[in-house]
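Structure first, then comments.
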Amino acid sequence: MDDLGAYRRKRDFAVTGEPRGQAAPGPASRFVIQEHHARRLHWDLRLERDGVLASWAVPKGLPEAPGSNHFAARTEDHPLEYIDFHGEIPKGQYGAGAMTIWDRGTYETLKWEARKVEVALHGERVDARYALFAIGDGDAPKDWMVHRMDPPADPAREAIPTRLVPMLARPGDLPAGGWAFEIRWQGVRALAYSQPGDLRFEAAGRHDVTRCFPELGRLGRALGSRGAVLDGVIVGLDAAGRPSPDVLARRESAAAPQLRRLADDSPATFVIFDLLWLDGHSLMALPYAARRARLAALALADARWRTPDHVVGAGEAVLSASAAHGLGGVVAKRLDSIYEPGLRSPAWVSVGGPRPAAEASPDDYYAAIEPVLRAHLPARELAGELRVEPEAVVFALEPGPPATLADCCDVALRLHGMFEHLGLRSCPKTSGAGGLDVWVPVGGAGRGEAFARMVAELLERDEPTLVAAGAGAPPAGRVRVDWTQGPAVAPYSLRAGGGVSAPVSWDEVARAAELSFDPPRVLARVAALGDLFAPVLWLRQALPGRA
Ligand code: MN
């Protein structure tokens, strides 16, 4: 037999350590999955069959849940000895790069046809049924997909979030007792989203900067098959080796060939200080100290990325070290603090270094609010009144005089109570035009009208003299609870009357005071508090009665 002709033609066995292939078949059907750090990272699935290893290269690895199909390229049959191969394929050889064994075991064939293969893999990592099916044409199709037929091994596993925003520090003095201290790096604050075969860097405002930093692309390989969201700062150094604040500006204006040169001549470094997500689970509710321990366990260290130590206690020493090296001060973080996306939290204190810029005039409002607003409104001109298709169930509360904003607060608090009872987080904001909006983040637009209607009508039934459910102008003396879903006033949008639709806290709603915001006050609040509406960007909540 010579199914191995294609395999042998591609290789020089005088150079590569890969096997030439002459072994006879073994008694059981074995499989291997090799992690192959070739020009592009991929995983090679090989199934022992008819005396050779039938092979597929899977750039994103086997899917962990049945919901997603991953591409799989059928590659040439490999000799049986390849099932044990690991090591370095020399430079210049076909598939040059490191190969490790990611998993191995035996498998059962459930179906084996020219265009469809179903197997039950029994490995150390993977123990599940997978289906491979051809999408390319012909009898020997090259393009296939692989699909998991069994439920996820980890039923609590969730999809990686795509829209987190960084937690921020408040300016202050060095705190003592129960704090850790980190150097504050000047550069581009960015979240890295890594999944097998897919790495993305997002700067403030959900601004994708991946293409600007090709030298950081190999971080995805370092994480291999892990799914992770990392928080850090992309630091560029100037000729003198000092952090250069304009690294992003230079990269963004560069064309692809220049980018490659900038990456070679003055490479950036990703300084990682937090781990928000790992392998299907959020770590944001864990204390800072526990998140740092999980981050350290990933052992991410390279010339282009690193995880500098945090120092528990000894804030003075870290601050003077930072000053001595001309760095940007320190950030103190409470050891027991959770990660609150988008918030300028008192649990993180920024000490020394430059303070945030003062507020801008109303005319400059959109320019100044853009880094926060962009996250809610990607790719849109920022002018006038801004509306969005909200990824939330929206209740718009409008008072019919003599009812007032205080009555809206009363109704909003009742809504808040109902949602808390259902285990749902909700976010209030002023409408900027005398009313109040309550958003329940669900992570998708155009959903939840039936739920919203039920809630609003329940509220009207309980409080008929205060609440009117439905759309249209509010009746006199009552609060209209508009449950009809559609484009909604965006958070931070200017309104025709000069107000701003401002996210507020439930405490502020409970006090029902000072709930009117002009642009300078909104900018000052964002500088002090961060984005109170950030949960709308990332929180996916299931409504009752939905899967
Ligand atoms: Mn390969």
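Only residues that are of a type in the set (Gly, Ala, Ser), touching a helix residue (DSSP H, G or I) at 6+ places or on another chain (Cβ under 9 Å) and over 30 Å from ALA375 (Cα atoms): list them for segment 133-192, please.
Answer for segment 133-192, where residues must be of a type in the set (Gly, Ala, Ser), touching a helix residue (DSSP H, G or I) at 6+ places or on another chain (Cβ under 9 Å) and over 30 Å from ALA375 (Cα atoms): just ALA176.
When segment 259-296 is examined, which residues are found to be in a helix (DSSP H, G or I), open to solvent by less than 50 Å² (accessible area, probe 1.4 Å) and not charged (D, E, K, R)?
Residues of segment 259-296 that are in a helix (DSSP H, G or I), as a first pass: 259-265, 288-296.
Checking the rest, the ones that are also open to solvent by less than 50 Å² (accessible area, probe 1.4 Å) come to 259, 262-263, 288-292, 295.
Passing the criteria: LEU259, LEU262, ALA263, TYR288, ALA289, ALA290, LEU295.
If you take the residues in segment 397-449 that are farther than 16 Å from VAL467 by Cβ and of a type in the set (Asp, Glu), which one is nearest to the chain's Cα centre (by Cα)?
GLU420
Among the strands (runs of 3 or more DSSP E) confined wholly to segment 1-96, which include 1 or more residues that are among the charged types (D, E, K, R)? Before you say what the answer is, go through the steps one by one.
Details: elements: 30-37, 41-49, 52-58, 70-79, 87-89.
Qualifying strands (runs of 3 or more DSSP E): 30-37, 41-49, 70-79, 87-89.
Name every residue in segment 43-57 that is more than 15 Å from the ligand (Cβ to nearest atom) and in contact with a Leu (Cβ under 9 Å, 6 or more places away or on another chain), in order of residue number.
Residues of segment 43-57 more than 15 Å from the ligand (Cβ to nearest atom): 48-52.
Of everything in segment 43-57, those that are more than 15 Å from the ligand (Cβ to nearest atom) and in contact with a Leu (Cβ under 9 Å, 6 or more places away or on another chain) turn out to be GLU48, GLY51, VAL52.
Every residue in segment 32-42 that is within 10 Å of the ligand (Cβ to nearest atom), open to solvent by less than 20 Å² (accessible area, probe 1.4 Å) and under 19 Å from ASP127 (Cα atoms), please.
The one that is within 10 Å of the ligand (Cβ to nearest atom), open to solvent by less than 20 Å² (accessible area, probe 1.4 Å) and under 19 Å from ASP127 (Cα atoms): GLN34.
Given segment 457-547, what helices (runs of 4 or more DSSP H) lie entirely inside it while holding 3 or more residues that are within 23 Å of LEU377 (Cβ to Cβ) and touching a Phe, Trp or Tyr at 6+ places or on another chain (Cβ under 8 Å)? Steps first, please.
Working: elements: 506-511, 519-529, 535-538.
Passing ranges, in order: 519-529.
Name the one entry in ALA502, ALA510 that is surrounded by fewer than 23 Cβ atoms within 10 Å (Cβ to Cβ) and either among the hydrophobic types (A, V, I, L, M, F, W, C) or under 22 Å from GLY448 (Cβ atoms) (or both). Quick ask: steps written out before the conclusion?
On the way: ALA502 fails: surrounded by fewer than 23 Cβ atoms within 10 Å (Cβ to Cβ).
Result of the check over ALA502, ALA510: ALA510.
For PRO175, state whether it is surrounded by fewer than 18 Cβ atoms within 10 Å (Cβ to Cβ), under 26 Å from ASP531 (Cβ atoms) and not aromatic (Phe, Trp, Tyr). Working first, answer last.
Details: surrounded by fewer than 18 Cβ atoms within 10 Å (Cβ to Cβ): yes; under 26 Å from ASP531 (Cβ atoms): yes; not aromatic (Phe, Trp, Tyr): yes.
Criteria met by PRO175.
How about segment 59-78: which of its residues are within 14 Å of the ligand (Cβ to nearest atom) and either among the acidic types (Asp, Glu) or within 18 Å of TYR107 (Cα to Cα) (or both)?
GLY61, GLU76, ASP77, HIS78, listed by residue number.
Answer yes or no: is there a residue in segment 207-216 that is assigned to a loop (DSSP other than H, G, I, E, B) and under 19 Å from TYR193 (Cβ atoms).
Scanning segment 207-216, I find at least one residue that is assigned to a loop (DSSP other than H, G, I, E, B) and under 19 Å from TYR193 (Cβ atoms), so the answer is yes.
Kindly list, by first and then second residue, each pair from a residue in segment 285-313 that is in contact (Cβ under 8 Å) with a residue 60 or more places away in the chain to a residue that is hydroxyl-bearing (Ser, Thr, Tyr), limited to pairs with Cβ atoms under 7 Å and residues at least 6 apart or on different chains.
TYR288/SER337; LEU295/THR307; LEU300/THR307; ARG304/THR269; TRP305/THR269
Among the residues of segment 322-347, how many are basic (Lys, Arg) and part of a loop (DSSP other than H, G, I, E, B)?
0
Could you tell me which residue of segment 195-212 is most open to solvent (accessible area, probe 1.4 Å), considering only residues that are farther than 24 Å from ASP531 by Cα and of a type outside the set (A, V, I, L, M)? Break it down into steps so the answer makes sense when it comes.
Filtering segment 195-212 for residues farther than 24 Å from ASP531 by Cα gives 195-199, 211-212.
Filter once more, so that each one left must be of a type outside the set (A, V, I, L, M): 195-198, 211-212.
On the way: GLN195: 78, PRO196: 27, GLY197: 40, ASP198: 66, ARG211: 129, CYS212: 4 Å².
Filtering segment 195-212 for residues that are farther than 24 Å from ASP531 by Cα and of a type outside the set (A, V, I, L, M), the one most open to solvent (accessible area, probe 1.4 Å) comes out as ARG211.
Which numbered condition trips up ASP103, out of (1) under 24 Å from ARG8 (Cβ atoms); (2) within 16 Å of the ligand (Cβ to nearest atom); (3) not β-branched (Val, Ile, Thr)?
(1)
Within segment 80-88, is even one residue of a type in the set (Ser, Thr, Tyr) and surrounded by 14 or more Cβ atoms within 10 Å (Cβ to Cβ)? Reasoning before the result, please.
The first filter runs over segment 80-88 and keeps only residues of a type in the set (Ser, Thr, Tyr), leaving 82.
Checking the rest, the ones that are also surrounded by 14 or more Cβ atoms within 10 Å (Cβ to Cβ) come to 82.
Yes, because at least one residue in segment 80-88 is of a type in the set (Ser, Thr, Tyr) and surrounded by 14 or more Cβ atoms within 10 Å (Cβ to Cβ).
The values are calculated or read from the model by the stated rules, or taken from the named source; none is laboratory data. Bear in mind the structure is a predicted one, so any value in this text is a computation, not a measurement. Cβ coordinates were reconstructed from backbone atoms using ideal geometry, including for glycine residues, and neighbour counts include every protein chain displayed. Note: areas computed on protein heavy atoms with side chains; ligands, DNA, RNA excluded. Shrake-Rupley method; radii C 1.70, N 1.55, O 1.52, S 1.80 Å.
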